[in-house]
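Student: Below you will find the structure I want to go over with you.
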Amino acid sequence: EPDVTIVSGLKDTVVSEGDDVTFRCQVSHENARDVEWKLQDVALQNNEMNEISVEKGRIHTLTLRKVTEQDIGTVAFRVGPHTSTA
């Protein structure tokens, strides 16, 4: 299995309370396994507040819906041993 690396990492983002914010990370290979999104070191699941998806097989996206002050912190994307934060 090829080693999947991060081609394009996360970008720092400023957003107003109540707005949605989307983070994108591009990886080197499609169908990457062992992928994880975190907010403040807490693993995120796909649900009504966090939309996790993959576009074109290699662009992993995380949308945080209606952010609040409690959502301030570091967002991390990890694939295998590689991590990108914003």
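The values are calculated or read from the model by the stated rules, or taken from the named source; none is laboratory data. Not measured: the values here are computed from a predicted model. FYI the Cβ positions are ideal-geometry reconstructions off the backbone, even for glycines, and counts take in every protein chain you see. Please note that ligands, DNA and RNA were not included when accessible areas were found on the heavy atoms of the full protein model with its side chains. Shrake-Rupley method; radii C 1.70, N 1.55, O 1.52, S 1.80 Å.
Student: Restricting attention to region 29-47, does a residue exist that is in contact (Cβ under 8 Å) with a residue 40 or more places away in the chain, open to solvent by 70 Å² or more (accessible area, probe 1.4 Å), part of a strand (DSSP E or B) and hydrophobic (A, V, I, L, M, F, W, C)?
Tutor: no
Student: Counting only residues that are part of a loop (DSSP other than H, G, I, E, B), touching a residue at least 40 places away in the same chain (Cβ under 8 Å) and either of a type in the set (S, T, N, Q) or touching a Phe, Trp or Tyr at 6+ places or on another chain (Cβ under 7 Å) (or both), how many does region 48-86 have?
Tutor: Residues flagged as part of a loop (DSSP other than H, G, I, E, B), touching a residue at least 40 places away in the same chain (Cβ under 8 Å) and either of a type in the set (S, T, N, Q) or touching a Phe, Trp or Tyr at 6+ places or on another chain (Cβ under 7 Å) (or both) within region 48-86 amount to 2.
Student: What are the residues in region 50-59 that are open to solvent by 70 Å² or more (accessible area, probe 1.4 Å) and at pLDDT 95 or above, if any?
Tutor: Glu51, Val54, Arg58
Student: Restricting to region 9-36, give me the number of residues that are touching a strand residue (DSSP E or B) at 6+ places or on another chain (Cβ under 9 Å), among the polar types (S, T, N, Q) and within 27 Å of Glu69 (Cα to Cα).
Tutor: Total meeting the criteria: 2.
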